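Take a look at the structure below.
The values are calculated or read from the model by the stated rules, or taken from the named source; none is laboratory data. Computed from a predicted structure; not experimentally measured. Here Cβ is always computed from backbone atoms with ideal geometry, including for glycine, and neighbour counts include all displayed protein chains. SASA here: full protein model, heavy atoms, side chains in, ligands and nucleic acids out. Shrake-Rupley method; radii C 1.70, N 1.55, O 1.52, S 1.80 Å.
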Amino acid sequence: MMEECSKGSGAACSPKLLDLIPKEMEWAVAKGESGDVERSSVEIRKLELRLGLPGDDEWSLKNTNTAKNINRERDHHDSLFSLGYFNHGHHHNHHHHFHHHQPSHKAGSHEISPQVGPVAGSSSSSVWFNQQQQQQLAPPSSFLQFPTTTKAATDKQQSSCLLLPTVAKESSQPCCTKVGAIDLQQSPAEKKAFSPPAAPPTPANTAVANSSQKRTAPGPVVGWPPIRSFRKNLASSSSSSKQNGNPNKKAATSDKPVEACKKGMFVKINMDGVPIGRKVDLTAYDSYPRLSTAVDELFRGLLAAQRDSSAGGNMNKQQQEEEEKAITGLLDGSGEYTLVYEDNEGDRMLVGDVPWHMFVSTVKRLRVLKSSEVSALSRE
Amino acid sequence: MDLSPKQSSPSESTRFPDEVLERVLALLTSPKDRNAVSLVCKDWYTADSWSRRHVFIGNCYSVSPEIVARRFPRIRSVTLKGKPRFSDFNLVPDNWGADVHSWLLVFASGCPFLEELRLKRMRVTDESLEFLALNFPNFRALSLLSCDGFSTSGLATVATHCKNLTELDIQENGIEDLSGDWLSCFPENFNTLEVLNFSNLITDVNPGVLERLVSRCRSLKVLKLNRTSSLDRLQRLLVSAPQLTELGAGSFSEELTLQQHAELKYAFGLCKNLSVLSGFWDASALNLSAVYPACSRLSFLNMSYTALQSPELASLLPHCPCLRRLWVLDSVGDKGLEAVGANCPSLEEIRVFPTDPFDEDMLHTVTESGIVAVSQGCPKLHYILYFCRQMTNAAVATVVRNCPDFTHFRLCIMNPGQPDHTTNQPMDEAFGAVVKACKKLKRLSISGLLTDLTFKYIGEYAKNLEALSVAFAGSSDLGMQYVMEGCSKLKKLEIRDCPFGNVALLSGLERYESMRSLWMSACNVTIDGCRSLAREMPRLNVEVMKEEGSDDCKADKVYVYRTVAGPRRDAPPSVLTFSGL
């Protein structure tokens with residue numbers, strides 16, 4: 001039963017995926033299982049980084065795919081590890097490993113059956129793979145990946161791409177053999193190249209990769225667990241109010257009103273080069289351009305002051321005014337700075353890919369990075 | 001259509017005059033009964049049409065407002081549900097539809113005496129609210145649950161123009177909260193309010209205005225404050241309105257002096273009729289003790305907005321001997337649930353929500369022990385919603401052995417596809433036990449690692465099942481086929497991230513017209529499959545929501561529903577409609 005391909009779509013079963021990194025990963029997993037999952041995930045992360053090919057040209061091209069794709073991959077990657085669609089043996093073991101400290105090497109005895117072939121259509125909001133991604137998986141060398149210099153968050157997710165087996169083109173559904181999918185990225189092939197593998201070579205890998213992304217908790221998926229947005233904000237709001245101590249009633253109902261907002265979503269925003277961060281209420285904006293303007297307003301002065309102080313505080317007023325130039329191009333990569341955010345899964349994402357409401361529901365904090373630092377993630 | 005009395009038919013000497021029939025039928029209020037009545041014969045259909053006062057429309061696109069207004073010209077109350085349930089979890093695009101405005105336009109001329117409107121998951125704009133307030137002179141009750149598209153300005157127009165408003169119930173909506181001034185829009189002599197729920201809103205309302213309003217409205221029974229309402233205000237309101245039956249307290253975290261605490265406790269003591277309590281954001285243990293005097297008649301306690309710990313819950317529960325429904329966060333832990341089992345023999349419903357669904361450290365959690373403890377102490381349990389991070393087959397089997405009367409069993413093991421953590425097996429046997437033991441089961445939500453066996457059990461045993469929610473489960477098309485074949489009373493099926501393809505989709509052909517709707521997202525269904533379905537079943541609307549960048553042939557999200565209104569014309573470009581018509 002578990003080995004069956006879904007017949008529904010009439011697809012042939014996909015060929016078996018190659019086991020590219022069997023032993024090392026298992027080792028990493030086995031080591032982690034006894035105790036601190038956090039620790040093992042760090043190790044795993046390192047392990048994966050080692051395997052990555054830094055600064056691949058092809059990769060930087062593909063990087064124009066942007067965070068959406070990264071996001072998609074990540075989601076897809078999650079799907080590898082979390083879903084019952086795959087050989088359930090692996091599945092058990094993987095989760096088992098993380099949450100219940102049980103040995104996972106017996107997972108090694110299972111093959112990953114690529115019935116992942118007829119995987120459900122997926123999107124950035126789902127955890128199943130897209131057919132197209134499977135078809136188009138290029139050999140591993142062409143994938144790689146994100147340079148190890150990128151921020152840890154992205155590394156986590158990207159490095160999991162290492163586990164890409166060579167899934168041949170036959171793994172496609174008949175209806176989806178055509179490559180020309182509607183696609184925002186440069187080319188479908190590249191886009192698919194980004195995609196995580198249909199399934200990792202061994203369940204140990206899945207466990208490993210998943211842990212590297214997800215820390216200790218199960219990875220959240222869009223729309224999962226099924227609780228309404230107002231409940232999600234409950235936790236952050238209640239914990240933040242506890243941090244603030246008991247708000248005395250004057251503060252709560254004071255003249256500085258809680259900003260008009262749907263749920264009062266204040267997130268931290270830090271800017272490179274500015275030691276003091278700000279907080280911004282996302283529900284006060286309804287679109288990315290508005291947010292971008294707000295960021296500009298928040299930091300323009302601070303940035304100028306920073307420059308001033310690093311220049312020895314010797315700028316005269318005129319120079320200071322000149323220095324206070326607008327921070328523009330935050331969203332399209334055209335400016336000196338680029339806006340990124342950290343989402344609820346801890347991954348760093350480029351701002352602007354997903355619909356605004358989706359962004360608001362997953363964002364946890366914002367960062368304004370120098371575009372040169374973000375060059376790998378920036379759009380064309 | 002006129003009610004012509006007595007069509008002559010000599011043999012029918014015992015025939016009821018229509019007026020009498022209408023009177024009798026008026027006593028039947030349940031929609032199901034009314035529907036049955038209307039099918040008896042033409043006269044009864046007519047009598048029902050004229051006497052129907054309330055219409056429940058579970059899917060706003062299953063029928064058109066014109067049809068409704070034409071058939072039921074004298075309705076006073078309408079309940080409308082719009083978007084698929086998964087829109088609550090961001091799976092449905094914002095501009096999907098379910099806008100109430102077209103309904104209001106038709107009702108304004110067709111059913112101008114409309115008094116009550118209850119909307120769930122509909123799009124409601126400020127313009128619509130204003131239109132409502134201005135065009136329905138008898139309008140009395142507005143309830144908006146999980147709706148979006150409006151702001152507090154819209155509420156202001158309702159408050160300003162609805163002279164006889166008795167109910168304003170704003171819950172869990174995507175509302176643009178601009179200011180609390182809307183409350184001040186109630187006229188100074190306005191005093192008819194019976195239900196006021198603004199717990200969803202953030203901005204503070206003018207305290208003086210609220211207090212005056214509450215003291216004027218002597219019939220006020222339900223008052224649910226928002227988070228920014230202080231304890232001081234609450235105390236004054238309680239003193240002013242001890243007749244309340246339902247109270248939503250605001251923030252409960254302030255530090256009180258001894259005197260203030262005593263005053264608050266006294267105020268709660270005045271409320272002899274409270275049966276429902278909710279709110280209590282950030283409640284501290286000390287402050288909670290002020291609530292005890294009000295709990296003796298409490299039947300529903302909703303503590304799901306505050307991360308209560310187990311000792312606090314354990315102290316509170318003994319004061320609530322009549323408790324029938326309890327909602328908490330998982331911060332109470334298994335120990336808290338043991339206290340529930342020990343103190344709530346009459347409990348019928350429990351819902352345990354996750355404090356922090358993305359909690360990386362897993363500090364707050366309930367496990368299988370908690371749910372078992374509750375089932376041991378609460379044999380009358382028939383509704384459970386349980387979010388947890390681990391579960392075992394044995395525990396679930398124990399639970400349903402202790403409580404075989406479940407009508408609603410919703411278990412969410414938060415990590416998708418997670419097996420039984422002690423045996424490493426799928427959770428098939430857990431849900432098998434549920435459907436075998438609980439003959440009255442109407443609603444089931446499954447989670448964890450599940451194979452087709454779960455669905456085999458469901459199809460075989462869950463004969464009364466009406467709503468099924470499936471995520472990350474199953475091994476093949478067979479899973480869904482089992483359900484479609486076996487569950488003859490199925491009304492709502494929602495599926496996400498399962499390996500069900502076109503064969504599975506088409507296996508339900510016989511079923512869909514007797515169901516309200518089917519949702520399938522991130523499964524293996526293709527556009528061609530949807531086309532086939534639409535062709536075979538012309539009275540279904542088959543809608544596909546395409547994701548950006550997905551393959552042309554993929555049906556990323558599929559929503560199928562029966563309708564007598566034909567394909568809808570307000571679908572956004574991202575929604576493809578297939579119709580056999």
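Brief remarks follow.
- If you sort the three axes of the alpha carbon gyration tensor as a ≥ b ≥ c, you get a/c of 1.5 or more for chain B and a/b no higher than b/c, which makes it oblate.
- Calculated on the alpha-carbon coordinates, the convex hull of the stretch B:344-450 measures out at 88 cubic angstrom per residue.
- With θ taken as phi - 60° and the Karplus curve 6.51 cos²θ - 1.76 cosθ + 1.60 applied, the whole-hertz 3J(HN,Hα) list for the stretch B:565-578 is 9, x, x, 7, 9, 10, 6, x, x, 6, 10, 9, 10, 10 Hz, x standing for glycine and proline.
- Size of charge dipole - the stretch B:393-523 - debye, nearest 20, with Cβ of Lys, Arg +1 and Asp, Glu -1, no other charges: 560 debye
- Cut-off under 5 Å, modelled amide H: who pairs with residue B:224 long-range: B:196, B:197, B:198, B:248
- Computed on chain B, with alpha-carbon pairs under 8 angstrom and 6+ residues apart, the relative contact order is 6 percent.
- Prolate/oblate/rounded label for the stretch B:110-188 (Cα gyration tensor, a/c 1.5): oblate
- Other protein chain Cβ atoms within 10 Å, averaged over every residue that makes up B:492-501: 6
- In terms of accessible area, using a 1.4 Å probe and ignoring ligands and nucleic acids, B:88, B:126 rank largest first as B:126, B:88.
- Shape of the stretch B:252-383, Cα gyration tensor, a/c cut at 1.5: oblate
- Calculated FRET value between residue B:178 and residue B:322, using beta carbons and R₀ = 45 Å, to 0.05: 0.65
- P(r) weight above 24 Å for the stretch B:158-292, C-alpha pairs, percent: 24 percent
- Note on residue A:232: accessible area is roughly 40 Å² with a 1.4 Å probe, heavy atoms of protein only.
- Counting, for every residue in B:517-527, the Cβ atoms of other protein chains within 10 Å of its Cβ and taking the mean gives 6.
- Theoretical FRET efficiency, 1/(1+(r/R0)^6), r = Cβ-Cβ of residue A:334 and residue B:74, R0 56 Å, to 0.05: 0.35
- Built amide H within the under 5 Å cut-off of residue B:150, gap 5+: B:124, B:176
- Neighbouring Cβ atoms from other chains, within 10 Å of the Cβ of residues in B:408-421, number 6 on average.
- Rounded to whole numbers, the Karplus 3J(HN,Hα) couplings from phi for the stretch B:168-173 are 9, 10, 10, 10, 6, 9 Hz, using 6.51 cos²θ - 1.76 cosθ + 1.60 with θ = phi - 60°, and x at Gly and Pro.
- Close amide-amide hydrogen proximity is noted between residue B:578 and B:542, B:543, B:544, each under 5 Å apart and 5 or more residues distant or on a separate chain (H modeled in the peptide plane; Pro and chain starts excluded).
- Estimated FRET transfer efficiency when R0 is 41 angstrom, pair residue B:258-residue B:297 (beta carbons, to 0.05): 0.90
- Between B and A, buried accessible area from a 1.4 angstrom probe totals roughly 7100 Å², ignoring ligands, DNA and RNA.
- Of the peptides B:223-236, B:369-382, the ranking by mean beta-carbon count within 10 Å, highest at the top, reads B:223-236, B:369-382.
- 3J(HN,Hα) couplings calculated from phi for the stretch B:444-456 with the Karplus curve 6.51 cos²θ - 1.76 cosθ + 1.60 (θ = phi - 60°) are, in sequence order, 9, 10, 10, 7, x, 6, 9, 9, 4, 4, 3, 6, 4 Hz; Gly and Pro show x.
- Ranked by how many other beta carbons lie within 10 Å on average, peptides B:317-324, B:565-572 from highest: B:317-324, B:565-572
- Residues of the stretch B:106-127 with amide N under 12 Å of the 7 Å Cα→Cβ point at residue B:66: B:106
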